[in-house]
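Engineer: Here's a structure for you.
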């Protein structure tokens, strides 16, 4: 059985998917872009988008009664791997040791022209 998770403090899904789904003790958070939920627009620049996307991730986790401390795995998507160090600096403000496992890949494009996207897997307990 799975449960849909939705937060009004994060942008609505831009396709036929849930912001997150919980199955058992595991929460699967869909890719979060740097979209400001108040305006529906992407923030400007990779650093601002990374910060907003991580805030969006935190909002969805909160709706699932979880925090970034519950996250065991993230996947980060960048359109320019040259932004890796700037993104790491922002990422490290939102996660603490022991850090989740993480993959970071460069992609040719992201939805809405985004520069940064993050998805996560979190567990209860």
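Every number in this text was worked out from the coordinates using simple rules, so none of it is lab data. Keep in mind that what you see is a predicted model, and the values were worked out from it rather than measured. Cβ: placed from backbone, ideal geometry, glycine included. Neighbour counts: every protein chain shown.
Engineer: How many residues are surrounded by 13 or more Cβ atoms within 10 Å (Cβ to Cβ), part of a helix (DSSP H, G or I) and touching a strand residue (DSSP E or B) at 6+ places or on another chain (Cβ under 7 Å) if we restrict to segment 70-83?
Structural biologist: The qualifying residues number 1.
Engineer: Can you name the residue in segment 99-125 that is more than 14 Å from the chain's Cα centre (by Cα) and part of a loop (DSSP other than H, G, I, E, B) and, of all such residues, is farthest from residue 35 (Cα to Cα)?
Structural biologist: 125
Engineer: List the strands (runs of 3 or more DSSP E) that sit entirely inside segment 1-61 and contain at least 3 residues that are buried (at least 19 other Cβ atoms within 10 Å of the Cβ).
Structural biologist: Values: elements: 2-5, 20-23, 26-33.
Filter on segment 1-61 gives 26-33.
Engineer: Scan segment 99-114 and give yes if some residue there is at negative phi, in contact (Cβ under 8 Å) with a residue 12 or more places away in the chain and buried (at least 22 other Cβ atoms within 10 Å of the Cβ), otherwise no.
Structural biologist: First, the residues of segment 99-114 that are at negative phi: 99-111, 114.
Next cut, in contact (Cβ under 8 Å) with a residue 12 or more places away in the chain only: 100-111, 114.
If we keep only those that are buried (at least 22 other Cβ atoms within 10 Å of the Cβ) too, we end up with 114.
So far as segment 99-114 goes, yes, one or more of its residues are at negative phi, in contact (Cβ under 8 Å) with a residue 12 or more places away in the chain and buried (at least 22 other Cβ atoms within 10 Å of the Cβ).
Engineer: Could you check how many residues of segment 85-98 are under 15 Å from the mean Cα position of the chain (by Cα) and either surrounded by 15 or more Cβ atoms within 10 Å (Cβ to Cβ) or not in a helix (DSSP H, G or I) (or both)? Spell out the reasoning first.
Structural biologist: Let us first name the residues in segment 85-98 that are under 15 Å from the mean Cα position of the chain (by Cα), namely 87-88, 90-95.
Retained after the next criterion (residues that are either surrounded by 15 or more Cβ atoms within 10 Å (Cβ to Cβ) or not in a helix (DSSP H, G or I) (or both)): 87, 90-91, 94-95.
Counting residues in segment 85-98 that are under 15 Å from the mean Cα position of the chain (by Cα) and either surrounded by 15 or more Cβ atoms within 10 Å (Cβ to Cβ) or not in a helix (DSSP H, G or I) (or both) gives 5.
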